[in-house]
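Colleague: Sharing a structure with you now.
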Amino acid sequence: MSNHNSLYDGEDDPQVKQEILEQARRKLMEMFGNLEHEVPLLLFTDPQINTQYCEAARSIIRAVQELTNRVSLREFGLSHELAQKYDVSLSPTLLFDPEHFAIRWLGAPVGEEGRTFLEAISMLGSRKNELSAPSRDLLAKITAPRAIRLFVSPTCPYCPQQAVNCLKAAIAKPEFVSLEIIDIQANPDLAEQYDAFSVPICFANEIMIARGAQPEELFMASLLKLEQQNIFIPESDAEQVDTDLTIIGGGPAGLTAGIYAARSGLNAVIIERGALGGQVALTPVVENYPGFTQVGGKPLVDIMVSHALQYANIFPDEEVMEIKVGQPFQILTNRRRYTAKAILLATGASYRHLGIPGENRLSGRGVSFCSTCDGPLFKGKEVIMVGGGDSALTEALYLANNDVRVTIVHRRERFRAQEHLVRQLQNKNIDVLFNTEVKEIQGDKKVEEVLLLDNKTGKTSARPINGVFIAIGYEPAVELARKTGVALTEDGFIKCDAGHRTNIPGIYGAGDVEGGYKQIVTAAGQGAGAAMTIFEDLVTPYWKTKKA
């Protein structure tokens, strides 16, 4: 205890303080000693606005100038022609080497943000960003502008981490990435405009992509996809991957199968060509998954993926092109080759289309299959939701909760959805047109109206509309199964026995592609069951037993 007190007592001693300052000074001089490039700074101020922040910015920059001759400072008023050239209107605004980079600081780099400022000078002067290889790969995929706005506070210890992530992106990819670091204390109006009172919070192209500090790779993935990413899966450059079990499909069935297979001792991998989680990732709200009274589809998927990653390797954005039957199986993707003792087809299902004129032509221009993806674009506008099952009612409720005027169009005289969803629909006073079918979607460059058929009276009417959302079920993704020779049912699903075995020994099916109830818990259960069957079959192959 006495040692603890004496340490703090020593720090109060002027001589000790001076030694600490000298150590910090030497460390900074060493940090700036090898800067190869000039770092010109342009400071724009107004003597009547934020004067304390203006003076703080000057002081910080002058202190750095004492440590290196590579940093220069020029100061201008907001009425100067350079302020117009660089579209500067707030005081103080600090530009970093504006001839080469689009990086600016709105406020002063004081408090915790002093660390960020020093990192910025170091990276700009050395042109070194020390990005990890996965981060470089993610940045390389950015081929369109990303205008970043990062809100920070001098009192936030987490802000520098996210600020450095942003700086690395802006320095590594200056042709596409611009950055504004905004001090919410110096710019409260901007903070209020963006509801940025919990920092750090990051926007790109006016879309919120990250709340809180992130690991570098997660930030780069969020910047690439323009939405917050919670899981980072590093890419593999392996030309061949040898496995006991290759799972094709990264929905609930595939992810659960990966967990159960690996826990049984199998070397399992999961390949997914689209979004991990499948349809669940696009579901606004899940209310029937055990353990969660209510949970968003994307957060639920993130939990599943995080769990599966503890056991199995996941290969996202990779499409299986061909399966060569044999022992071992050979799976060819658009990136590499896999070998496997067994294969699980958990390829899921895709949205079913109406098959009417205008549907394909106007897809993405008012015709949508995902309310989570496109619903915010129709705020204050009028749309129809086509369908009468759980998905249609869930998505209609999501739209209504987001200030979209929605009418449900259903070809039958009653819903097929769960009763509690029907009650919620009634509570929201959402209009419903029963016994009605959409015969055509019309519009030049976007959806303008639909032709509706009353299938009881046979009368057709036109209805002006801004959007058409379609939720009429799914088509099983069986192209790969069909091409491989896997037998299908009369309804077009993969034909399996009670153990999820197909007609080809060593190939199994699970999830929506196998048919049955289209429920997350059902798919997960089928994935678990298939994995346990596969383990047992690999220990004692039933096809060898039959031959004997």
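Colleague: Would you please name the residue that is surrounded by the fewest Cβ atoms within 10 Å (Cβ to Cβ), looking only at residues in region 64-93 that are free of Cβ contacts under 8 Å to residues at least 40 places away in the same chain and closer than 19 Å to Ala186 by Cβ?
Modeller: The residue in question is Asp87.
Colleague: Cβ-Cβ below 6 Å, separation at least six or inter-chain, first residue in region 358-386 and over 13 Å from Glu440 (Cβ atoms) and surrounded by 22 or more Cβ atoms within 10 Å (Cβ to Cβ), second at pLDDT below 80 and not basic (Lys, Arg): which pairs?
Modeller: Between residues of region 358-386 that are over 13 Å from Glu440 (Cβ atoms) and surrounded by 22 or more Cβ atoms within 10 Å (Cβ to Cβ) and residues that are at pLDDT below 80 and not basic (Lys, Arg), the close pairs are Ser368/Asp374.
Colleague: Quick one: what pairs do we get from region 297-310, first residue within 21 Å of Cys370 (Cα to Cα), second of a type in the set (D, E, K, R), C-beta under 8 Å, 6+ apart or different chains?
Modeller: Listed pairs, sorted by first residue: none to list.
Colleague: OK, next. Condition first: in contact with a Cys (Cβ under 8 Å, 6 or more places away or on another chain) and over 18 Å from Ala56 (Cα atoms). Can you find one or more residues in region 156-178 that meet it?
Modeller: Yes, region 156-178 contains a residue that is in contact with a Cys (Cβ under 8 Å, 6 or more places away or on another chain) and over 18 Å from Ala56 (Cα atoms).
Colleague: Scan region 464-506 residue by residue and report those that are touching a Ser or Thr at 6+ places or on another chain (Cβ under 6 Å), among the small types (Gly, Ala, Ser) and on the phi > 0 side of the Ramachandran plot.
Modeller: Answer for region 464-506, where residues must be touching a Ser or Thr at 6+ places or on another chain (Cβ under 6 Å), among the small types (Gly, Ala, Ser) and on the phi > 0 side of the Ramachandran plot: there is none.
Results for (1) part of a strand (DSSP E or B); (2) closer than 24 Å to Gln193 by Cβ; (3) among the hydroxyl-bearing types (Ser, Thr, Tyr); (4) in contact with a Gly (Cβ under 9 Å, 6 or more places away or on another chain), shown as yes or no for each residue.
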{"position": "Glu75", "(1), (2), (3), (4)": "yes, no, no, no"}
{"position": "Ala108", "(1), (2), (3), (4)": "no, yes, no, no"}
{"position": "Ile121", "(1), (2), (3), (4)": "no, no, no, no"}
{"position": "Lys128", "(1), (2), (3), (4)": "no, no, no, no"}
{"position": "Ile142", "(1), (2), (3), (4)": "no, no, no, no"}
{"position": "Pro154", "(1), (2), (3), (4)": "no, yes, no, yes"}
{"position": "Val164", "(1), (2), (3), (4)": "no, no, no, no"}
{"position": "Ala170", "(1), (2), (3), (4)": "no, yes, no, no"}
{"position": "Pro174", "(1), (2), (3), (4)": "no, no, no, no"}
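Colleague: Related question: Which one is nearest to the chain's Cα centre (by Cα) among residues in region 485-509 that are crowded, with 19+ Cβ neighbours inside 10 Å and closer than 22 Å to Leu332 by Cβ?
Modeller: Top of the filtered list is Gly509.
Colleague: Quick one: is Ala56 at pLDDT below 95 and farther than 26 Å from Pro157 by Cα?
Modeller: no
Colleague: Also: Collect the residues in region 157-186 that are surrounded by fewer than 20 Cβ atoms within 10 Å (Cβ to Cβ) and either over 16 Å from Ala120 (Cα atoms) or not assigned by TED's automatic domain parsing to the domain that holds Val110 (or both), keeping them in residue-number order.
Modeller: Pro157, Tyr158, Glu175, Phe176, Gln185
Colleague: Can you tell me which residue among Leu255, Leu245 is in contact with a Lys or Arg (Cβ under 9 Å, 6 or more places away or on another chain), outside any loop (DSSP other than H, G, I, E, B) and buried (at least 24 other Cβ atoms within 10 Å of the Cβ)?
Modeller: Only one candidate passes the filter, namely Leu245.
Colleague: Right, another one. Listed residues Thr93, Thr68; which is modelled with pLDDT of 90 or more and among the β-branched types (Val, Ile, Thr)?
Modeller: Details: Thr68 fails: modelled with pLDDT of 90 or more.
Testing whether each residue is modelled with pLDDT of 90 or more and among the β-branched types (Val, Ile, Thr) leaves just Thr93.
Colleague: Turning to a different aspect of this structure: Can you tell me how many residues in region 208-238 are more than 12 Å from the chain's Cα centre (by Cα), over 18 Å from Ala312 (Cα atoms) and surrounded by fewer than 19 Cβ atoms within 10 Å (Cβ to Cβ)?
Modeller: Qualifying residue count, region 208-238: 3.
Colleague: Quickly run through region 510-521 and pick out the residues that are more than 13 Å from Gly249 (Cβ to Cβ) and either surrounded by 18 or more Cβ atoms within 10 Å (Cβ to Cβ) or in contact with a Gly (Cβ under 6 Å, 6 or more places away or on another chain) (or both).
Modeller: Hits for region 510-521 are Gly515, Ile520.
The values are calculated or read from the model by the stated rules, or taken from the named source; none is laboratory data. Predicted, not measured: the structure shown is a model, and the values here were computed from it. Using ideal geometry, Cβ is built from the backbone for each residue, glycine included, and neighbour counts are taken over all protein chains shown.
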